[in-house]
1. Just to be sure, is ALA5 aliphatic (A, V, I, L, M) and over 20 Å from VAL110 (Cα atoms)?
2. Let me spell it out: the conditions are (1) under 17 Å from ASP10 (Cα atoms); (2) touching a strand residue (DSSP E or B) at 6+ places or on another chain (Cβ under 7 Å); (3) of a type in the set (D, E, K, R), and GLU102 meets all of them except one. Which number is the exception?
3. Taking the conditions exactly as written (crowded, with 18+ Cβ neighbours inside 10 Å, closer than 20 Å to LEU4 by Cα and touching a strand residue (DSSP E or B) at 6+ places or on another chain (Cβ under 6 Å)), does LEU128 satisfy them or not?
4. May I ask you to list pairs of residues, at least six apart or on different chains, whose Cβ atoms are under 6 Å apart, with the first in the stretch 64-79 being under 14 Å from ALA31 (Cβ atoms) and the second being surrounded by fewer than 19 Cβ atoms within 10 Å (Cβ to Cβ)?
5. Taking the conditions exactly as written (among the small types (Gly, Ala, Ser), within 19 Å of the chain's Cα centre (by Cα) and surrounded by fewer than 18 Cβ atoms within 10 Å (Cβ to Cβ)), does ALA39 satisfy them or not?
6. Name the pairs: first residue in the stretch 197-221 and under 20 Å from MET176 (Cβ atoms), second residue acidic (Asp, Glu) and open to solvent by less than 40 Å² (accessible area, probe 1.4 Å), Cβ to Cβ under 9 Å, at least 6 apart or on different chains?
7. Is at least one residue of the stretch 180-203 at pLDDT 95 or above, outside any loop (DSSP other than H, G, I, E, B), more than 18 Å from GLY46 (Cβ to Cβ) and among the β-branched types (Val, Ile, Thr)?
8. Under the condition of being touching a strand residue (DSSP E or B) at 6+ places or on another chain (Cβ under 7 Å) and assigned to a helix (DSSP H, G or I), which residue from the stretch 140-155 is farthest from LYS114 (Cα to Cα)?
Amino acid sequence: MNHLALFDCDGTLVDSQANICRAMEECFSIARLVPPDRAAIRQIVGLSLVEAIAKLVPDADDALHRTMAEDYKRTFQAMRRTGTLDEEPLFDGIADTLAALEDDGWLLGVATGKSDRGLHHILEYHGLKRRFVTLQTADRHPSKPHPSMVETAMAEAGAAPETTVVIGDTSFDMAMAAAARAHGVGVSWGYHAPAELLSAGARIVTDHALHLPAHLNGLCAPPSPPTAQSTKIAS
């Protein structure tokens, strides 16, 4: 079986909180609702949009949640089109960590609450898209913590639960890993506190990306070279 390192995006690979908060605040304003504070917004990052908004406006009905989700998407797209997005940098050490994991024989993937369009944009911007053999987004799956993204990624990569590690910054990521019977490794630089990650099932929480290769190799037996069938590039 191949070894798969499956990364969350927002809060794990890239620091995108400024744009997420701005778009969420705008969709609340369009709905004539008082925007939540940014700490509350950061707590729902990682969920699919409708589920995230439902957490923030629990007393509203599903129709309003879906309308606000569409307003969020339009706002984000307008920010991208007009060049007003804030920079979304990679977290320190991420690029070197991805290269090190590949050198160690790991296949790489992404499982995110972002859309296909949003994920492809950020990976292209940072020149990372061709590093990943599987890309799973909210466009084709139930929201985290449902295991669908992990299960599909494992199937595409030729990996098994015992050789798959989900790396993420939220309790939703860790619960998703547990639901798929994969390993969960939390990162401390994102949106949920280490205690929340451990409570949700993280095997360990690391405080720097460069520590990830040692943690992953410690959780799973050393990888074998990837098979020809599993080295396709995600599109």
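1. no
2. Here GLU102 meets the rest and fails (1).
3. Numbers: crowded, with 18+ Cβ neighbours inside 10 Å: yes; closer than 20 Å to LEU4 by Cα: yes; touching a strand residue (DSSP E or B) at 6+ places or on another chain (Cβ under 6 Å): no.
The answer is no for LEU128.
4. Within 6 Å, the pairs are HIS65/VAL50; ARG66/VAL50; MET68/ALA31; ALA69/VAL50; ASP71/ILE30; THR75/GLU26.
5. Values: among the small types (Gly, Ala, Ser): yes; within 19 Å of the chain's Cα centre (by Cα): yes; surrounded by fewer than 18 Cβ atoms within 10 Å (Cβ to Cβ): yes.
Answer is yes for this residue.
6. Filtered contacts from the stretch 197-221: LEU197/ASP169; LEU197/ASP173; ALA200/ASP173; ALA202/ASP173.
7. no
8. MET154
The values are calculated or read from the model by the stated rules, or taken from the named source; none is laboratory data. These numbers were taken from a predicted model, which means no experiment stands behind them. Ideal geometry is used to build each Cβ from the backbone, glycine not excepted, and the neighbour counts take in all protein chains shown. Surface areas here come from the heavy atoms of the whole protein model, side chains and all, with no ligands, DNA or RNA. Shrake-Rupley method; radii C 1.70, N 1.55, O 1.52, S 1.80 Å.
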